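Down below is the structure, laid out as structure tokens.
Just so it is clear, none of the values below were taken in a lab; they were calculated from the coordinates. Remember, it's a predicted structure, so these values are computed and weren't measured experimentally. Note: ideal-geometry Cβ built from the backbone for every residue, glycine included; neighbour counts use all protein chains shown.
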Amino acid sequence: MQNLIVLHSNLLSIPHTSDSLETILSHLSTRVMDAFSNRYHVGYLIYLVDFLATWEERPACLTPMAYQWCSVFSEATEGLGQGGMQISKIRQGDYWFCLDMEFAHVEPGRDLVHPDDNSHVRGRPLGLDHAQCAHLLLRTLEVGFRLANINRYQRPLDLNHTSHHDQIFEAVFSCGDDEAIADAVGAWIVGESSPASSCAHYFAMRMARATPLSPRLRRAGIRALENNWSTISISDALYLLNCLHLDVDDVVGSNRPWSWLLVRVIRSPTGFESLSSHYWRLLGKLGISYTSSEPRDVEVMKLLEEVEDWEKLEVWVPILWGFLVWEFIPDLVEDIGRVTLKMASQRPSALQKLENLCKRIQESDARAALQPILNRARTEQPLLELPPPL
């Protein structure tokens, strides 16, 4: 009861002269960081974050504030001789939280914002035990990200990612609670820029467990990959795609990020060899907006032709014709047309897809080159039951 009274008195002491809820919460955030820098009421922060976590309609401005609190918690461990946060297993309820963290006593003059200037300050433990530290960190992430909107079209937040946040991700991804991990993934989703950390590296820590991802963690991972499709490495993209088992029902809004991510993977030597047939089929369902091709695209077509992988060619060849619609390159028409005729003459489904494509595209050099090939393919088809052209 005494703890709750102290918490209540602290909340009442926040200035309420402003009508802005964000201003009031900003005062609260200052109190949290001040408590850490001056080592008073640190123990009661647990009650504070528990209180905020029960706030069902907490505002979006709490997300960057809570993320900053996690930052301060992490910075406060840098003076410890053992290196701050270390991984060990701690029993907390029904989960094993793999977190070993003590908070340093921050003496007057220690700069939490610029830790490089604190060589003269030596940290001492503040007395929170490991289970309390684990609870404080995980609960603070919950305050910031459990209710955060993971829709990629929201206005991004400035989360001020810094290098020490790797400690936070390392600790949380090692725990056994998928909901807590999903909270941490939220930082990759709602932030204006992603942390420098490898998302795939941390998911590998989680995938070491045999249990499948929880639905929320899987959705969060999908959105994180979607937000970073243009910058993620090919090896990381392949790993995450295999972890997440993405399908067309998981695509929200525009298909463009996923289509272009899959094209990026296919164009790379490692991706071309490693991408599963499932994701080739997904690319065929999603389609791709017309844009310029690369020399590698025809190389991919020829490699597929050599091994007679007609299923993948049925996806790739229409994409190449789409590129020609956007940027017609006469030198490519002969090679693409040859493979198109060979494929369409053997596979009624491929002929049908290309005929549908030809009807959708406007009058263009690409359509003028494609139509005679399709006419010839229809006459050269073996005696199979062909669907009538639409």
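Amide H to amide H, with H built 1.01 Å from N, GLY191 comes under 5 Å of LEU157, counting only residues 5 or more places away or on other chains.
In straight-distance terms, cross-link reach from LYS312 covers every one of the lysines whose alpha-carbon lies under 18 Å from its own, apart from those fewer than eight places away in the same chain; here that gives LYS285, LYS302, LYS342, LYS353.
Residues in region 56-73 carry Karplus couplings, in order, of 5, 10, 5, x, 5, 5, 6, 5, x, 5, 5, 5, 5, 4, 4, 4, 5, 4 Hz; the curve used is 6.51 cos²θ - 1.76 cosθ + 1.60 with θ = phi - 60°, and Gly or Pro positions show x.
Ordering ASP249, ASP335 by the number of other Cβ atoms within 10 Å of each residue's own Cβ, fewest first, gives ASP249, ASP335. Hydrodynamic radius of region 213-327 by the Kirkwood approach over all distinct alpha-carbon pairs: 14.6 Å.
Which of ILE336, ILE189 has the fewest other C-beta atoms within 10 Å, and how do the rest follow up to the most? If you can, show how the numbers build up before the last one.
Numbers: ILE336 23, ILE189 27.
Listing ILE336, ILE189 from fewest to most nearby Cβ atoms yields ILE336, ILE189.
Give me log10 I(q)/I(0) at q = 0.20 Å⁻¹ for region 257-375, Debye formula, one equal scatterer per alpha-carbon, no solvent. For region 257-375 at q = 0.20 Å⁻¹, log10 I(q)/I(0) is -1.15.
Computed from phi, the 3J(HN,Hα) profile of region 336-344 under the Karplus parametrisation 6.51, -1.76, 1.60 (θ = phi - 60°) reads 5, x, 4, 5, 4, 5, 4, 6, 5 Hz, with x in place of Gly and Pro. 3J(HN,Hα) couplings calculated from phi for region 259-269 with the Karplus curve 6.51 cos²θ - 1.76 cosθ + 1.60 (θ = phi - 60°) are, in sequence order, 4, 6, 5, 5, 5, 4, 5, 5, 5, 8, x Hz; Gly and Pro show x. In percent, rounded to a whole number, the relative contact order of region 284-390 is 27, using alpha-carbon pairs under 8 Å and six or more apart. The simple spin-label model puts a point 7 Å past each Cα toward its Cβ; for GLN346 and SER230 those points are separated by 3.8 nm.
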